[in-house]
Amino acid sequence: MNSLKANILNSICLIVIGLWGYLEATSSTALIPVIFGWALLFCSPGLKKENKVIAHIAVLLTFVCLLGLFMPLKGTIEREETIGVVRVSVMILTSITAMVYFIKSFIANRKARK
C-alpha cells in the first residue's frame with residue numbers, strides 16, 4: 001500500500017461510514033466526515049502526480065479529521081452505542097493508517113533527494 005491507496009481507502013471509509021451515521025442518527029454533524037472524505041478524495045489526483053502542496057493539504061485534512069473524531073468517539077462510548085463506537089473507531093483507524101503512509105512517503109522522498 002502507498003499513500004495514494006491509503007488516502008483513497010480513508011476517503012471512502014469517511015464518506016460511507018459518515019453517511020451511514022447520518023442516516024442512523026439524522027444529525028448534521030455526522031456529515032462532517034463525509035465532507036472531509038470528499039475533500040481527501042479530490043486530493044487523490046494530486047497525490048498520484050506526487051504534488052507536494054496537495055500531499056501536505058491531504059495530510060492536514062487527515063490530521064484535522066482524525067483529531068475531530070475523538071469527541072464523537074467519546075460521545076458514543078458514553079451513550080454505550082456499540083455500533084457507533086465501531087463506526088467512529090473504523091474512521092479513526094483508517095485515518096491513522098493514511099497518516100502513517102503519508103509520513104512514510106515524506107521520509108522516503110526526503111531520503112531520495114539526498
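Bear in mind that the values in this text are calculations on the coordinates, not laboratory data. A quick note: this is a predicted structure, and the numbers were derived from the prediction, not measured. Cβ placement follows ideal geometry from the backbone for every residue including glycine, while neighbour counts extend to all protein chains displayed.
General observations
- Relative protection proxy for 71-81, 1-11, from highest mean packing down: 1-11, 71-81 (other beta-carbon atoms within 10 angstrom).
- In order along the stretch 50-65, the Karplus-derived 3J(HN,Hα) couplings, from 6.51 cos²θ - 1.76 cosθ + 1.60 at θ = phi - 60°, round to 6, 6, 5, 5, 4, 4, 5, 5, 4, 5, 4, 4, 5, 5, 4, 4 Hz, and Gly and Pro are given as x.
- From the coordinates of this entry, Cα extents along the principal axes in Å is computed, and it appears in [x] 36, 35, 21; [y] 51, 22, 20; [z] 42, 26, 22 under the label [y].
- If only the Cβ of Lys and Arg carry +1 and only the Cβ of Asp and Glu carry -1, the dipole of the stretch 3-113 around its Cα centre is close to 780 debye.
- Label-point separation in nm, K48 to S28, each point 7 Å along Cα→Cβ: 3.4 nm
- Relative contact order, whole percent, for the chain stands at 33, derived from Cα pairs under 8 Å and 6 or more residues apart.
- For the stretch 38-98 and the stretch 6-30, distance of Cα centres in Å: 10 Å
- Legend: calculated FRET efficiency, E80 to I35, from the Cβ-Cβ distance at R0 = 25 Å, rounded to 0.05, equals 0.35.
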